[in-house]
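To start, the structure under review is shown below, and the notes come after it.
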Amino acid sequence: MVEPTAQSDEELLDRFQQAAFGYFLEQFNPDNGLIADTSRAGSPASIAVVGFALSCYPVGVERGWISRADAARRTLVALRFFSNSRQSEQADGTGYKGFYYHFLDMKTGKRVWQSELSLIDTTLLLAGVLAASEYFSEDTPSENEIRQCADAIYRRIDWQWACDGEATVRQGWKPESGFLHYGWEGYSEAAILYVLGLASPSHPLPDDSFAAWTATYQWENIYDYEFLYAGPLFIHHFSHAWIDFAGIRDRFMREKDSDYFENSQRAIYVQRDYARRNPYGFEGYGNECWGITAGDGPGFRTLRTDGRHRCFLGYAARGVPYGPDDGTIAPCASLASLPFAPELALSALRQFCARYPEMTRDSRLPSGFNPTLSGEGPNGWVSEGYFGLDQGILVLMIENYRSGLIWKLMRRCPYIGDGLRRAGFTGGWLR
Amino acid sequence: MQHDETLSTSAPDNRFNRALMENVHPPAWRNPDPADMYNLVIIGAGPAGLVAARSAAALGAKVALIERGLIGGDCLNSGCVPSKAIIRTSRLYAEMRTADDFGAQTPEGIRVDFPCVMERMRRVRSRISRADTAQRLSENGVAVFFGEARFVGPRAIMVEGDTLRFKKALIATGSRPTTPRIPGLAETGYLTNESVFDLTALPRRLLVIGGGPLGCELAQSFRRLGSQVIIAQDEPMFLPGEERDAAQILSDALARDGVEIHLNTTAVAVRREGANTVVDLVSEDNMISVSVDEIVTGIGRAPNVENIDMEVAGVQYDTDSGILVNDYLQTTNRRIYAAGDVCLTHKFTHTADASARIVVQNALFLGRQRFSALTIPWCTYTHPEIAHVGLYIREAREKGIPVKTFTVLMHDVDRAITDGEDEGFVKIHVRDGTDRILGATIVAKHAGEMINGLSLAITSGIGLRALAQVIHAYPTQAEAIKMAADAYCRTRLTPARKSLARLWLAR
């Protein structure tokens with residue numbers, strides 16, 4: 001393997017992007033197209049990870065990593081599964097009202113872990129479905145069927161039901177207890193959910209739902225950066241994997257004379273500045289080592305290290321600058337910042353390679369690592385295996401940086417444009 | 001509100017409590033002979049009633065003050081004062097356990113002497129009670145009556161057989177804890193945020209039902225005193241209505257202290273199993289049962305509107321929201337006013353105080369002061385403390401006001417760093433494009449002290465530009481407020497202004 005320092009940016013990115021793409025080939029069930037949530041033994045499928053996989057296949061084709069026919073085959077088997085699997089109120093279905101349960105059994109495709117019917121994860125799946133529908137546009141039996149299945153899946157989703165009589169969508173629903181009672185206020189990864197919900201050709205969200213959601217926004221000046229605050233870094237990435245928000249503005253962003261792309265850029269600067277301040281004295285944090293987000297962690301424990309009592313967390317929504325923060329860095333979140341702040345993301349990647357060679361040896365980045373827990377390995381604690389969401393966002397964001405492929409595909413998708421306009425976006429490529 | 005003429009029956013009989021009783025409800029007290037007519041008769045000698053009585057009497061009014069329980073109300077006897085005394089001791093224990101974080105030796109074998117903690121609380125309470133004793137009020141011209149008050153007409157109140165006639169009256173009967181309707185809870189027994197201060201032994205396992213300010217304060221302080229504490233909150237976050245970042249920091253702090261947190265969780269049944277109290281907690285589709293020694297609940301407050309025959313005086317009320325008042329705090333009987341918890345949404349001592357001052361002006365001196373014009377701060381006294389004043393962001397946006405928040409993290413404040421108290425933030429919300437302060441939230445070890453500067457700014461119409469001109473002593477934690485004002489000033493340095501400055505300097 002060539003030393004990262006000797007590689008060009010393009011070579012380095014290609015290496016990490018291809019390694020991330022490999023996850024979807026390895027964790028694929030050829031019978032139903034499902035993809036495992038993580039590479040850990042016994043992991044169920046995550047519908048959001050399938051959404052990422054469906055979006056990544058076109059990248060693989062364009063990069064020459066798989067053939068178009070193979071990509072279409074993988075896509076079609078998944079779309080057939082989601083079209084034909086059981087939708088019902090029963091606890092062991094695959095979905096209900098057109099939405100799907102968050103986690104499904106890899107083999108049977110039935111709900112596992114008593115997981116919720118997830119609005120946002122269904123949205124990420126749907127984003128992949130629509131990306132596939134745009135990419136596989138040829139007049140062949142399999143590509144025609146991909147588009148038919150995609151349309152049927154979208155039309156079946158009952159977004160109005162998901163509001164449960166409120167102005168905004170609920171976060172989820174369970175057959176045992178009904179709609180979830182979580183607070184889901186403030187800026188989040190849900191922008192694409194509202195865009196696709198508003199554009200639904202069959203059960204669209206009400207016009208005022210986007211305004212009701214954005215009413216909970218917080219525009220803050222933190223470390224002299226003004227931005228629409230959200231703590232975990234992934235929030236500033238996920239909708240952006242499919243929608244190019246540069247130059248298009250909704251009412252809120254017109255008022256603030258900014259856009260969501262620039263906003264993600266500022267959020268990344270805040271992350272970098274937080275790491276540079278390193279208020280809690282965590283090992284490794286600095287100008288070139290940042291990236292705090294929702295992800296795996298060392299597990300709940302309290303320890304005394306470096307003259308401080310510290311509390312470590314398991315899988316948690318870590319955030320900047322209010323925390324929680326236990327010294328766990330998510331390298332995928334840093335690298336996925338590439339389209340917004342390429343110089344920062346690339347220098348972080350090179351830093352990871354140079355300082356934490358054990359972690360980056362296979363060119364595939366783990367969900368998290370924590371150098372403060374130095375006793376757990378040469379690079380401190382490192383998350384076991386790999387998470388599909390991390391690998392998916394990496395493939396898409398690196399590709400958007402390199403070629404803009406996914407953004408261009410989704411600009412062609414009429415639903416994206418319609419949903420953005422209904423949400424009040426104007427300008428830029430929407431003209 | 002205390003209904004008995006003494007502290008509750010479970011309160012220990014010791015010198016501090018006896019001294020307290022001498023001050024707040026002397027056993028040998030004899031009600032005075034009533035005057036023919038009073039300028040102001042006040043029902044309830046809690047914070048609102050006391051403030052009104054003192055200030056009206058000082059201005060020369062003939063005032064009668066009626067109390068059925070203890071002078072000082074909840075705040076002194078079973079609320080703010082005892083809870084803050086216990087919080088102080090619990091903070092000390094928490095600091096002892098983490099002394100090595102401060103470069104000090106952590107004492108070995110730290111043992112909590114709970115009776116000692118409660119003894120100090122009673123000593124503190126007894127001392128503070130000296131400020132407003134029945135005797136002293138009487139010496140200051142307030143006719144103090146102990147007993148149950150009842151309206152006997154639109155301008156008369158009966159107490160212990162005496163009829164007190166008034167030109168104006170003030171109802172300040174306060175509120176009491178409400179308990180959730182959980183099957184088995186009443187039979188099994190529970191503590192409220194009032195009776196918890198009568199405990200003589202530390203519960204080994206404690207369940208706190210409710211994650212509002214009182215629930216969070218009690219959960220954290222009892223955990224720090226050594227109880228195993230579980231807190232069940234039926235909302236997705238603590239302190240509903242507070243800013244979510246503040247609630248998140250509090251949640252993290254409670255978890256760090258070792259409080260077992262159950263959000264989105266409802267207690268659905270309580271039963272006795274041997275020596276244990278077993279509570280079923282339901283979260284979505286999961287149910288768990290926990291065994292505890294004590295339950296603390298009583299997280300809501302209900303206004304004390306019963307048994308004073310307000311109907312006779314034509315005063316309308318609701319058993320949930322309390323006495324109906326207009327913005328001048330007049331009831332539906334224009335001669336009768338209300339103040340404090342019995343009529344207000346924000347049930348705080350300082351709000352009761354402020355409302356009572358309005359009543360004295362409006363009732364006795366033809367004042368037209370409006371309650372809605374007040375700027376009311378509040379604070380939850382956890383560690384870190386969470387304080388707020390003015391509008392929240394969502395309230396501003398609901399009113400169509402464009403809002404921008406200037407945030408300073410306490411980890412950027414030198415004094416917070418030197419004190420090892422660098423968790424939290426100061427957020428100041430301004431109308432976007434201006435320096436007008438709409439509201440502020442502070443999360444910091446001393447947030448309750450710091451918020452006062454911002455209350456002053458809002459009340460006086462001082463904007464961030466002016467605040468930036470105020471020299472703050474260095475190093476202090478309140479300097480965070482000036483740092484936020486400085487951040488605002490930096491946003492005024494537009495590229496055009498910078499270019500002009502460069503041109504000037506290069507001349």
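Tabulated data for the structure shown
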read-out: Scope the stretch B:309-320; condition modelled with pLDDT of 95 or more and charged (D, E, K, R); matching residues; value: B:ASP309, B:GLU311, B:ASP318
read-out: Residue in the stretch B:8-25 that is more than 26 Å from B:LEU191 (Cβ to Cβ) and modelled with pLDDT under 95 present; value: yes
read-out: Conditions (1) without any contact (Cβ under 8 Å) to a residue 12 or more places away in the chain; (2) among the polar types (S, T, N, Q); (3) in contact with a strand residue (DSSP E or B) (Cβ under 7 Å, 6 or more places away or on another chain); number of the one not met by B:THR163; value: (1)
read-out: Selection status of B:SER138, crowded, with 17+ Cβ neighbours inside 10 Å and small (Gly, Ala, Ser); value: no
read-out: B:GLY79 over 15 Å from B:ASN17 (Cβ atoms) and crowded, with 17+ Cβ neighbours inside 10 Å; value: yes
read-out: Unique match (being modelled with pLDDT of 95 or more and under 30 Å from B:GLY49 (Cβ atoms)) among B:ILE323, B:ILE261, B:ILE295; value: B:ILE323
read-out: In the stretch B:482-503, the residues that are among the small types (Gly, Ala, Ser) and either within 11 Å of chain A (Cβ to nearest Cβ) or surrounded by 10 or more Cβ atoms within 10 Å (Cβ to Cβ) (or both); value: B:ALA484, B:ALA485, B:ALA487, B:SER499, B:ALA501
read-out: Some residue of the stretch B:87-102 being loosely packed, with under 13 Cβ neighbours inside 10 Å, touching a helix residue (DSSP H, G or I) at 6+ places or on another chain (Cβ under 7 Å) and not assigned by TED's automatic domain parsing to the domain that holds B:ALA253; value: no
read-out: Of the criteria (1) at positive phi; (2) touching a Lys or Arg at 6+ places or on another chain (Cβ under 7 Å); (3) small (Gly, Ala, Ser), which one B:ALA363 fails; value: (1)
read-out: Single condition B:THR277 does not satisfy, out of (1) away from chain A (no Cβ under 12 Å); (2) part of a loop (DSSP other than H, G, I, E, B); value: (2)
read-out: Lone qualifier among A:GLU185, A:GLU189 - being out of contact with any strand residue (DSSP E or B) (no Cβ under 7 Å at 6 or more places or on another chain), more than 12 Å from every other protein chain (Cβ to nearest Cβ) and charged (D, E, K, R); value: A:GLU189
read-out: Of residues in the stretch A:146-172 being buried (at least 22 other Cβ atoms within 10 Å of the Cβ) and within 14 Å of chain B (Cβ to nearest Cβ), the one modelled with the lowest pLDDT; value: A:THR168
read-out: Residue within the stretch B:445-456 that is out of contact with any strand residue (DSSP E or B) (no Cβ under 9 Å at 6 or more places or on another chain) and away from chain A (no Cβ under 14 Å) present; value: yes
read-out: Strands (runs of 3 or more DSSP E) wholly inside the stretch B:146-203 that include at least 3 residues being closer than 20 Å to B:ALA302 by Cβ and under 20 Å from the mean Cα position of the chain (by Cα); value: B:175-178
read-out: Test: residue in the stretch B:251-266 that is closer than 30 Å to B:SER455 by Cα, touching a strand residue (DSSP E or B) at 6+ places or on another chain (Cβ under 8 Å) and not assigned by TED's automatic domain parsing to the domain that holds B:GLY226; value: no
read-out: Any hit, the stretch B:76-93, residues being more than 25 Å from B:ARG301 (Cβ to Cβ), free of Cβ contacts under 8 Å to residues at least 60 places away in the same chain, in contact with a Phe, Trp or Tyr (Cβ under 9 Å, 6 or more places away or on another chain) and not polar (S, T, N, Q); value: no
read-out: Hits in the stretch B:365-401 - residues which are polar (S, T, N, Q) and over 28 Å from B:GLU217 (Cβ atoms); value: B:GLN369, B:SER372
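Here's the yes/no breakdown for (1) within 21 Å of B:ARG301 (Cβ to Cβ); (2) away from chain A (no Cβ under 14 Å); (3) over 20 Å from the mean Cα position of the chain (by Cα); (4) outside any strand (DSSP E or B):
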site	(1), (2), (3), (4)
B:VAL208	yes, yes, no, no
B:GLY226	no, yes, yes, yes
B:VAL229	no, yes, yes, no
B:ASP234	yes, no, yes, yes
B:ASP245	no, no, yes, yes
B:VAL270	no, yes, yes, no
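Per-residue answers, yes or no, for (1) modelled with pLDDT of 95 or more; (2) farther than 28 Å from B:ILE249 by Cα; (3) not acidic (Asp, Glu):
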| residue | (1), (2), (3) |
| --- | --- |
| A:TYR285 | yes, no, yes |
| A:ARG301 | no, no, yes |
| A:ILE329 | yes, no, yes |
| A:ASP390 | yes, no, no |
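The values are calculated or read from the model by the stated rules, or taken from the named source; none is laboratory data. Only a predicted model underlies this, so the values are computations on that prediction, with no experimental measurement involved. Note that each Cβ is placed from the backbone with ideal geometry, even for glycine, and that neighbours are counted across all protein chains shown.
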